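The values are calculated or read from the model by the stated rules, or taken from the named source; none is laboratory data. If you're wondering where the values come from, they're calculated on a predicted model, not measured in any experiment. Virtual Cβ from ideal backbone geometry, glycine too; neighbours counted across all protein chains shown. For the accessible areas, the whole protein counts, side chains as well, though only heavy atoms, and no ligand, DNA or RNA atoms are used. Shrake-Rupley method; radii C 1.70, N 1.55, O 1.52, S 1.80 Å.
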Amino acid sequence: MTTYTLRKGSPAKTRTDVVVIGIVSAGKGVAAAVGGGDVASAYGRKFGPLLATLGFTGKSGEVVKIPTGGTIKSPLLIAVGLGPADKVDPDAVRRAAGVAARTVANAASVALALPGRDAAHVRAMTEGYILGAYSFTQYKTSSSDDSPGEVVVLSDAARARPARAAFETAQVVAAAVARTRDWVNTPAGDLTPPDFADAVVAAAKARKGAKVTINVADEKQLAADGCGGILGVGQASAKPPRLVRLSYKPRGAKVHLGLVGKGITFDSGGLTIKPGPAMMAMKTDMAGAAAVVNATFAIADLGLPVAVTTWVPMAENMVSGSATRPGDVLTMYGGKTVEVLNTDAEGRLVLADALAMAAASKPDLLLDVATLTGACIQALGDRVSGILGNDDALVGRVRDAGARVGEKLWQLPITPEMPVKVRTHSTVADLMQHNVDLYGGAIYAAAFLQEFVDEGQPWAHIDIAGPSFNKGRAYAHVPAGGTGVAVATLVELATEMADQAG
C-alpha cells in the first residue's frame, strides 16, 4: 500500500528512486515548470537540448524517462508535458500527475515536483497521481502490485495550512473515486441489486469517518411504499430490487444536500431488448449510484458541516415472462401514473420514485446523477457530462464546481414544450415515459424527471452516460473502464455549500 507525504524540498536533492517534474513549452523551446527548476539547473545548458534530442516538446500528455547518471540524487527522472507555460492550471497539473503515475514502474519511492505553488495545485498533483495509478485487478490471477511504497509530494507551500488540508482532501476524494471505479468495473453477476446494497453497507461499516446511517428497503417495503417505478423495472429479474438511503447529519449543519443516483446493475433493455454489442458495457449502468454513495462517504470523511440524504434505487433490467411490457402503466411513489413505451428507458423510472422521496425531505439543493441517455453521448461525446435543471444558478454552481476539479459539464436546456409533451402525449396515464420522436432524448428525459421534483425545489440532473466508462485507452488521470466521474464534483459542491453557510 502506498503512503503519501507532503513536504518542502529540492527535487534535485531528494533521494527517491524516481523524481517527476513538469515541462512547459515556451517560445521555440521547452523549460522546466515551477517545482522542477533546480533539476534543470543541475543539468545546466544541456537540459533543453537533451529534451529536444528525445523529441520532447512539452505538449500535455507527453512523457519521457531519463536516467540521470548521478546528475541529481534520483537515478531516474520522468519529465511530463504540461502544455504552454501560460496555461498551467491545476487541471493541467492533475492530468500530468496521472500520466506520471502510469509511467512509473518498479520503483519503491517517487518524488512529485510538479507545480505545487498553492493549495489547489497541491490537491491536483496528489489527486492526479493517485487516480492515474488506479488499476482494477480483482479478477486477474497473475496480477502483482508494483506500486511504490512511498510517494513524496514536493511543494514550497507544504507547511501552509491550506495546502495540508488540500493534500488530505485529495486522498479522501481519490479513495472515493477509486471505490466508485471498483463497483463500476465489477461484473454485473457479482453486483446484483442485493449484492450492491450489501456492498454499500459493508463500505459504510469499514469506514473510520463520521457516521453515515444506512437503510435498505427490499421488494416488500418498496411495494408497501408504492415505488412502482423501481418495482416495474426490476420485476423480470431473479434478483429483486433495492432502495438504499444514506443519511449524514453532522452537528451544526446549516444546509441540506439531497442526492439521487441511478443504480441499474445490468441493463438488457428489458422487452425492448438491446442489440448484443450494446449490452457489453451495461454493468456500468449503476455508475450514478456508485458516485452519489461514495461522494456521501467522502463528505462525511471530510467532516463537512453539510447534511446529506442520498437515495439509491437499485434494479436489474432483465427479460422474462414477468417483465414490464411496452404499454403498461406504472403507479409511482406519490401516486402519479406513467405509461411505459420503451423498457430500455428504465433509468428515469427508478429515479422518479427516488426523486419524489428525496424532494419530500426538502433539501436546499437536490441533484441526481445517472447514466441516463445515449442522446447525451451523441450530443457531448464521452468526456463531457450533460447537466439540466430547473434552476440556472444551481446548474452554474455545479458546472463551476466540476471545472475546479477537472470534470467538464455542459448545460442543455429543458425547453418549454418538453414538459408539456411529457404530460400530454399519453392517452391513458398522467405521464409518458419515453419520447415518441427520435430527437431531443436527453431533454425529454430531464423533463420527465422534473415532474417528480416539487415546484420551487432547486434541482439539477447530471447525465454521465458518456464519461462514466472509458472504453478506450487510459488518458491523463482517467483509466480504461470505470472513471468515477461526478464524485469530485459533488464533494466540491458540498464544500462550497459549507463555506457559504459559514
Note down all Cβ pairs under 7 Å where the first residue falls in the stretch 140-167 and is basic (Lys, Arg), the second is open to solvent by 40 Å² or more (accessible area, probe 1.4 Å), and they're at least six residues apart or on different chains. Arg159/Lys8
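Please determine whether any residue of the stretch 398-419 is touching a Pro at 6+ places or on another chain (Cβ under 9 Å), within 30 Å of Val173 (Cβ to Cβ), at pLDDT 95 or above and basic (Lys, Arg).
Looking through the stretch 398-419, at least one residue is touching a Pro at 6+ places or on another chain (Cβ under 9 Å), within 30 Å of Val173 (Cβ to Cβ), at pLDDT 95 or above and basic (Lys, Arg).
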Restricting to the stretch 26-41, what's the tally of residues that are open to solvent by 20 Å² or more (accessible area, probe 1.4 Å), part of a loop (DSSP other than H, G, I, E, B) and either in contact with a helix residue (DSSP H, G or I) (Cβ under 8 Å, 6 or more places away or on another chain) or under 20 Å from Arg117 (Cβ atoms) (or both)? 2
Is it the case, given these coordinates, that Ala202 is open to solvent by 40 Å² or more (accessible area, probe 1.4 Å) and assigned to a helix (DSSP H, G or I)? yes
Out of curiosity, is Val184 open to solvent by 10 Å² or more (accessible area, probe 1.4 Å) and modelled with pLDDT of 95 or more? no
Being more than 16 Å from Pro240 (Cα to Cα) and of a type in the set (S, T, N, Q) is the filter here, so list the residues in the stretch 174-204 that pass it. Thr180, Asn185, Thr186
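Here is a yes/no grid of residues against (1) open to solvent by less than 40 Å² (accessible area, probe 1.4 Å); (2) in a helix (DSSP H, G or I):
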position: Thr5; (1), (2): no, no
position: Thr16; (1), (2): yes, no
position: Val24; (1), (2): yes, no
position: Tyr43; (1), (2): yes, yes
Within the stretch 265-279, can one find any residue that is open to solvent by 50 Å² or more (accessible area, probe 1.4 Å), among the basic types (Lys, Arg) and in a loop (DSSP other than H, G, I, E, B)? no
Residues being open to solvent by 20 Å² or more (accessible area, probe 1.4 Å) and assigned to a loop (DSSP other than H, G, I, E, B): count how many of those fall in the stretch 442-464. 5
If a residue has to be buried (at least 22 other Cβ atoms within 10 Å of the Cβ), of a type in the set (Ser, Thr, Tyr) and not in a loop (DSSP other than H, G, I, E, B) to count, how many in the stretch 218-251 make the cut? 1
I need a count of the residues in the stretch 47-102 that are out of contact with any helix residue (DSSP H, G or I) (no Cβ under 9 Å at 6 or more places or on another chain), under 16 Å from Thr16 (Cβ atoms) and either at pLDDT below 95 or part of a helix (DSSP H, G or I) (or both). 0
Taking the condition more than 17 Å from Ile23 (Cβ to Cβ), open to solvent by less than 50 Å² (accessible area, probe 1.4 Å) and modelled with pLDDT of 95 or more, does Ala157 pass? yes
Any idea how many residues of the stretch 281-303 are buried (at least 24 other Cβ atoms within 10 Å of the Cβ) and in a loop (DSSP other than H, G, I, E, B)? 2
